[in-house]
Each structure stands twice: as C-alpha cells, then as structure tokens.
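S.K.: This is the structure I want to talk about, given as structure tokens.
The values are calculated or read from the model by the stated rules, or taken from the named source; none is laboratory data. Quantities reported herein were computed from a predicted structural model and do not represent experimental measurements. Note: ideal-geometry Cβ built from the backbone for every residue, glycine included; neighbour counts use all protein chains shown. For accessibility, only protein heavy atoms count, side chains too; no ligands or nucleic acids. Shrake-Rupley method; radii C 1.70, N 1.55, O 1.52, S 1.80 Å.
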Amino acid sequence: MRREPIGPSAAAASPGVRYPLDMRILGLFLVSAAFLCADDKSALLQKMDSQAAHYGDLSRKIWEFAEVGYQENRSADLLKSELRSAGFTIADRVAGIPTAFTATWGSGKPVIGIMGEYDALPGLSQEDVPERKPRVEGGPGHGCGHNLLGAASTFAAVTLKQWMQEKKIAGTLRFYGTPAEEGGGGKLYMIRAGAFKDVDTVLSWHPSDNNGADLKSSLAILSAKFRFYGKPAHAAMAPDAGRSALDGLMIMANSVEFLREHVPDSTRIHYVVTNGGSAPNIVPDYSELFLYARHPSMQVLDGIWERILKCAQAGALASDTRLETQFIDSAYNTLPNDALAALVDKNLHLVGGVTYTAEEQAFADKLRKTLPDATRPMGSQEKIQPPTEGKGGASTDAGDVSWTLPVAALGTATFVPGIPAHSWQSAACAGMSIGRKGMVVAAKTLVLTGMDLFTDPKQVEAAKASFEKRREGHEYRSRVPADQKPPLDYRNSK
Ligand SMILES: [Zn+2]
Ligand SMILES: [Zn+2]
C-alpha cells in the first residue's frame, strides 16, 4: 500500500528570517498542534494495517455467502456479531426487515453514521480467478463488491469506536446495516422507520476501479413488476378461446420501445421477462415483466414513468388481459456534498492508493485482456482522482439518504482499472487481495474523515450548509407508496 506523508511538510522557516518571539512561540504551538493531530491519524492508520487481515477475511466470508437482497442473513449476522463484540448496541430488524440493523456506540452530539451494504447480484457467481468460472453455476456473486463495502465500513466503525473510547471523544457513532441496495430499496424503509432522524452526517463508500471522493450524482430510478393475467387454451386447437398474457407483455414492451425515441436525453429504460409462459402449445395465462426506468432528475422521471404505465395499460387493453402492477423501488439521484467531498479528498490523499504485487499485476493484466476496450490505464489504482461534478450511470438507495441529511461518499480501487461493476470480472476482484487492498483504503479514509467530524464541529456545520445549498429547498418524498411494505421477495419471480 502506498502511503503519502502525513502532516505538514518538514520544510522549516528559512534560518535567515527573524520573527518576533511571540510569533515564533505561536508558530511552534500551531505546528505542534497540527503534528499532534497528524500523529493521531498516523498512529491509527498503522493500527489498522495490523488489523486489515481480519477484516479481509470477513469480506471473503461474505463474498462466499453471496446472498441476494433481503436474504443476506448470514452476512448481516457476521457483521452484527463483529460489532456486538466490539461493544456496539445492536438494533435488529429495523423497519421490520430481517437483515436491516443498526449498531450504536457512545452518546450525545454529534451523531455520525457509517453505512454498510452486503447484498450480492443474481447470476454473477465467480471464482477469484481471471477467467470466467462460476463457483455455483447460475448462482449469485458479489459483482458490486458489497462484501467489501460491509466489511470496510465495519472495520472503520470498530476503529473509530476504539479511538473515541481511548481519547474520550464525545458523540454517537452508528453503523447502518443496509440490505438490498441492488434494487430492493432497503435504505428508504430504514429512513421511513426513523433510523436516520437524529444523525448529523453519514459516511459511505463504494467499490470502484479508481480512488476518489464523490462529487458526482447518480440516476434517479423507479422500478416495477408488470403482471399480465390471461386465459389458457390449446394454442393450436382453440386459440380463439385463449387470451395471451405474453401478448399483453409484448405489446407493452413494444410500446416502451417506441416510447424510447420520445423521452428526454439521459433516460435509461431496461427490462427482463421473468415469466413468459410455460409451453408454446398452451396460450400463456400469466406473464411478468420487471422494468427499471432512470433519469438524472426524479422530477423528470415522474413524467416518463406516467407514460410507461400507459404502455402497460395498452398491453392489457389490446390483449384483453388483466394487468397488475407491483411497484418495487424508487431511489433518488444522489445529492453531492461539497464540504464532505473536500474533506474526504484530503483524507484520501493521506491514505494513498493501491499498489499491486507482481502476482496481482499478472492477475490484473490477464483480467483486462477479457475486456480489451478497458479505457482506464493500468497504474491509475495508485492515484487519487480529483472530485469532479457529473452524472454517474448507476443508481443507489444511498441517494434517498443524501436527500435527507449530508452524506460523504468515495470510491476506491477494489476492481482492476477498467473493470466495471456488475461483471464477473469485478466479482473475481472482490474475492481476492486486490479487492481487499481497495477496501482498506476505504476503511482508512472513513476513519480519518470520522475523526475530523467528531473533533471539529465546523466540519459538520459546513456539511449541513452544503446540503441545504444543493437541495435548493426541494423536500425528499419517496415515490414508493407510504403503505408499501419492503418487497422482501423481490428476488423471487412469481
Ligand atoms: Zn450494484
Ligand atoms: Zn453497489
């Protein structure tokens, strides 16, 4: 791991320059105060190096569990037991979700949160090798690196707690175990349950192929399952007696394809057919389409969504079938926080990037050959990218949290440069040493940022001011109906 020097540069005042005595004393005091803080940070980073292997093992276990959204029982249990034995108090089944929890230590203000995720993705099972080799054929895998996400955030929470205890730092530290980030909206139900209401600032991070504080936004998303119910019949002997649920689905899908031409730029619409009938010689009496729509602005997406609902109604009308719509998820575009991005950027530079061993370099070279168009250059994993404005291509339920309070975010190079998330290549990285090195960079940066927030109230105030400025008076309102329960079975098709 590359380490940048910590603290002010060693350059001393020029011996030829003479200052009044009181200024020299003041200067000495300021320098020693800065060194004291830098030493604090430096000592904690060294301590973290000695504990990194343990949390690496933790991430590997969750990688092997590879549990999908709302089914992350073993992964959540593992993190809970880690936090419990470190002295945190666990609140279980937050929002009635079996795999959502919080772990709290300390009391009073400020209240600083750290978010951790641990859900895997369907179909991305992969060994930690640089060629396609599923561990379980068709099984889930950690293509988004959430095994690293949960483990690094736990690592950061435990380290910060030990530091607070030792240095008698006032305040409350809370870990958020947030399930089903991949389309299940775990965080929005935790917000609704009031789990974030006393929090001043939340720290978050996400696996990536580069290191950088996040000033980019993500895409707002709405998703639903569209179910068509028809009438079965012999497809050859009595087709006139049947009403095809698959026809309804296909008319809807075609309508959406026509709609695609007449939506604002940057719109994304994608879907899968999760049930299209059982046999060609039976008119399908049931079909299901699972659809996502995204846009950088939730307000714009509202209008697009209205038209998608009309496409679904058109399918049911034309095929004479019945339509049932199950709303699944809504997530806001993330609201960047300028003050927190600057703080994270500063601390990320103190931690430094990721350096590969010869063995890791060979793994990376081989993996990149499977994606020859990878644009990010090798070696960029060692660098820190400056925080830049822009729109990312993904969506996250952390977006909802970012519209309710200031959220700090960063990415670290857990994946080989040029390797995108949600691929078997990223799942391979998340299970081996490259992923673990990136997660340690994340954990360290979260710790240093947490130290700043706990010891400098001005930083918390600046984060709040950035939050208010960015949201421009817009109130957060989830599009998920108020009475909707968490879709605990969203990973199962009917
Ligand atoms: Zn993902
Ligand atoms: Zn993710």
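S.K.: From the helices alone, meaning DSSP H stretches of at least four residues, give me the mean residue ellipticity at 222 nm for the chain, per-run term -39500 (n - 2.57), in deg cm²/dmol to the nearest 500. Write out the running numbers ahead of the final one.
M.R.: Details: 12 runs with 200 residues, N = 494.
Rounded to the nearest 500, the figure is -13500 deg cm²/dmol.
S.K.: OK, next. Which FRET efficiency value, to the nearest 0.05, do you get for Lys168 and His474 by plugging their Cβ-Cβ distance into 1/(1 + (r/R0)^6) with R0 = 35 Å? If you can, show how the numbers build up before the last one.
M.R.: Working: r = 40 Å, r/R0 = 1.13.
Using R0 = 35 Å, I get an efficiency of 0.30.
S.K.: Something else about it: Under a 5 Å amide H to amide H cut-off, with H placed in plane at 1.01 Å, what residues pair with Ala409 once short-range neighbours are removed?
M.R.: For Ala409, the qualifying residues are Ser204, Asp214.
S.K.: Please compute the per residue accessible area over the chain with all protein chains in place, 1.4 Å probe, rounded to a whole number of Å².
M.R.: Working: 21070 Å² over 494 residues.
Using a 1.4 Å probe on heavy atoms only, each residue of the chain averages 43 Å².
S.K.: Want the number for Ser266 to Ser107: 0.36 nm per residue separation, take away the alpha-carbon distance, what's left? Show your work: numbers first, answer last.
M.R.: Working: separation 159, 0.36 × 159 = 57.24 nm, distance 4.43 nm.
Contour length minus Cα-Cα distance gives 52.8 nm.
S.K.: Find which of Ser426, Pro486, Val401 sits farthest along the positive direction of the dipole of the range 385-494, computed with +1 on the beta-carbon of Lys and Arg, -1 on that of Asp and Glu, about the Cα centre.
M.R.: It is Ser426, whose Cα lies furthest towards the positive end.
S.K.: Counting alpha carbon pairs within less than 8 Å and at least 6 residues apart, what relative contact order, in whole percent, applies to the chain? Spell out each step's value before the answer.
M.R.: Details: 1107 pairs, mean separation 108.0, N = 494.
It rounds to 22 percent for the chain.
S.K.: What is the Cα radius of gyration of the range 255-306 over 2.2 N^0.38 Å, N being its residue count? Let's see the in-between values first.
M.R.: Numbers: Rg = 14.5 Å, N = 52, 2.2 N^0.38 = 9.9 Å.
So the range 255-306 has a normalised radius of gyration of 1.47.
S.K.: Let me ask another. Considering the range 267-376, what Rg and Dmax in Å follow from its alpha-carbon atoms?
M.R.: Both quantities, over Cα of the range 267-376: 23.2, 66 Å.
S.K.: Assuming a ≥ b ≥ c are the square roots of the Cα gyration tensor eigenvalues, decide whether the chain counts as rounded (a/c under 1.5), prolate (otherwise, with a/b larger than b/c) or oblate.
M.R.: Numbers: a/c = 2.17, a/b = 1.89, b/c = 1.15.
Prolate shape, in that a/c is at least 1.5 and a/b is the bigger ratio.
S.K.: Can you bin the range 363-411 into rounded, prolate or oblate? Criterion: square roots of the alpha carbon gyration tensor eigenvalues sorted a ≥ b ≥ c, rounded for a/c under 1.5, prolate for a/b above b/c, oblate for the rest. The partial results should precede the final answer.
M.R.: Details: a/c = 2.94, a/b = 2.15, b/c = 1.36.
In terms of gyration-tensor shape, prolate.
S.K.: Kindly provide the Kirkwood hydrodynamic radius of the range 95-222 in Å, to one decimal, from all pairs of distinct alpha carbon atoms.
M.R.: Result for the range 95-222, one decimal place: 16.4 Å.
S.K.: Something else: Sorted by average packing, counted as other Cβ atoms within 10 angstrom per residue and highest first, what order do 325-336, 345-356, 160-171, 440-451 take? Please list the in-between numbers first.
M.R.: Working: 325-336: 22.7, 345-356: 20.8, 160-171: 16.2, 440-451: 26.9.
Ranked from most to least packed, the peptides come out as 440-451, 325-336, 345-356, 160-171.
S.K.: Shifting gears a bit: Suppose R0 equals 30 Å. What FRET efficiency, 1/(1 + (r/R0)^6) with r the Cβ-Cβ distance, do Asp49 and Lys485 give to the nearest 0.05?
M.R.: On the way: r = 44 Å, r/R0 = 1.46.
Efficiency computed from Cβ-Cβ geometry: 0.10.
S.K.: Right, here's the next one. With only Lys, Arg, Asp and Glu charged, each at its Cβ (+1 for the first two, -1 for the last two), find how big the charge dipole of the range 109-210 is about the Cα centre; round to the nearest 20 debye. Intermediate values should be presented prior to the final figure.
M.R.: Details: 11 positive and 12 negative charges, 122 e Å.
Dipole size: approximately 580 debye.
S.K.: Hey, can you grab everything whose amide H is under 5 Å from the amide H of Ser208? Only 5+ residues off in sequence or another chain; H modelled, so Pro and N-termini drop out.
M.R.: Thr412, Thr414, Phe415
S.K.: Also: Could you point to the residue in Ser81, Val136, Gly184 farthest towards the positive end of the range 38-193's charge dipole, with +1 and -1 charges on the Cβ of Lys/Arg and Asp/Glu respectively?
M.R.: Ser81
S.K.: Which entries of Lys167/Lys464; Lys133/Lys366; Lys369/Lys437; Lys346/Lys469; Lys47/Lys167 show an alpha-carbon separation above 18 angstrom in the structure shown?
M.R.: On the way: Lys167/Lys464 26 Å; Lys133/Lys366 14 Å; Lys369/Lys437 22 Å; Lys346/Lys469 22 Å; Lys47/Lys167 15 Å.
Violating the 18 Å Cα-Cα cut-off are Lys167/Lys464; Lys369/Lys437; Lys346/Lys469.
S.K.: Roughly speaking, what is the stretch gain from Val129 to Thr357, that is 0.36 nm per residue apart minus the C-alpha to C-alpha distance, in nm to one decimal? The partial results should precede the final answer.
M.R.: Values: separation 228, 0.36 × 228 = 82.08 nm, distance 1.59 nm.
Here the answer is 80.5 nm.
S.K.: If you don't mind, another one. Tell me the volume per residue, in Å³, of the convex hull enclosing the alpha carbons of the range 349-494. Working shown, then result.
M.R.: On the way: hull volume 25.7 nm³, N = 146.
Dividing the Cα hull volume of the range 349-494 by its residues yields 176 Å³.
S.K.: So, one more: Amide H to amide H, which residues 5 or more places from Ile282 or on other chains are under 5 Å from it, using H placed in the peptide plane?
M.R.: For Ile282, the qualifying residues are Ala235.
S.K.: Moving to a separate point now. Keeping the other protein chains in place, figure out the carbon and sulfur percent of the accessible area of the chain, with a 1.4 Å probe.
M.R.: Details: 11720 of 21070 Å².
Its accessible area is 56 percent carbon and sulfur atoms.
S.K.: Quick one: 3J(HN,Hα) in Hz for the range 328-334, Karplus 6.51/-1.76/1.60 with θ = phi - 60°, rounded, Gly and Pro as x.
M.R.: These are the phi-based 3J(HN,Hα) values: 9, 8, 9, 9, 6, 4, 6 Hz.
S.K.: Moving on. About the Cα centre, and with charges only on the beta carbon of Lys, Arg (+1) and Asp, Glu (-1), how big is the dipole of the range 151-207? Nearest 20 debye, please. Can you show the working numbers first?
M.R.: Numbers: 7 positive and 5 negative charges, 42 e Å.
Result for the range 151-207 is approximately 200 debye, rounded to the nearest 20.
S.K.: When Lys and Arg each count +1 and Asp and Glu each count -1, what net charge do the other residues less than 15 Å away from Trp424, Cβ to Cβ, add up to?
M.R.: Numbers: positive: Arg132, Lys133, Arg135, Lys366, Arg368, Lys369; negative: Glu127, Asp128, Glu131, Glu137, Asp209.
My count for the surroundings of Trp424 gives +1.
S.K.: Can you say what percent of the DSSP beta bridges in the chain, counting only those with both residues inside, are antiparallel? Round to 5. Don't skip to the answer; put the middle values down first.
M.R.: On the way: 41 of 61 bridges.
Antiparallel bridges: around 65 percent, rounded to the nearest 5.
S.K.: Short version: ³J(HN,Hα) in whole Hz for each residue of the range 476-491, in order, from phi by Karplus 6.51 cos²θ - 1.76 cosθ + 1.60 (θ = phi - 60°), x for Gly and Pro, what are they?
M.R.: 6, 8, 5, 7, 6, x, 4, 9, 6, 7, x, x, 4, 9, 5, 7
S.K.: Evaluate the charge dipole of the chain about its Cα centre and quote only its size in Debye, nearest 20, assuming +1 on the Cβ of each Lys and Arg and -1 on the Cβ of each Asp and Glu.
M.R.: Numbers: 54 positive and 55 negative charges, 135 e Å.
Magnitude of the dipole: close to 640 debye.
S.K.: Is the range 327-388 rounded, prolate or oblate when judged by the Cα gyration tensor, a ≥ b ≥ c being the square roots of its eigenvalues, rounded requiring a/c under 1.5 and prolate requiring a/b larger than b/c? Walk me through the numbers before you get to the answer.
M.R.: Working: a/c = 2.84, a/b = 1.36, b/c = 2.09.
Oblate, since a/c reaches 1.5 and b/c is not below a/b.
S.K.: A further question on this structure: Please list the helices of the chain that count as membrane-span-like by this rule: a mean Kyte-Doolittle hydropathy of at least -1.0 together with Cα atoms stretching 30 Å or more along the helix axis, each helix being a complete DSSP H run. The partial results should precede the final answer.
M.R.: Details: long enough: 21-65 (63 Å, 0.24); 146-167 (31 Å, -0.05); 298-319 (31 Å, 0.51); 433-455 (33 Å, 0.82).
Passing helices, by number: 21-65, 146-167, 298-319, 433-455.
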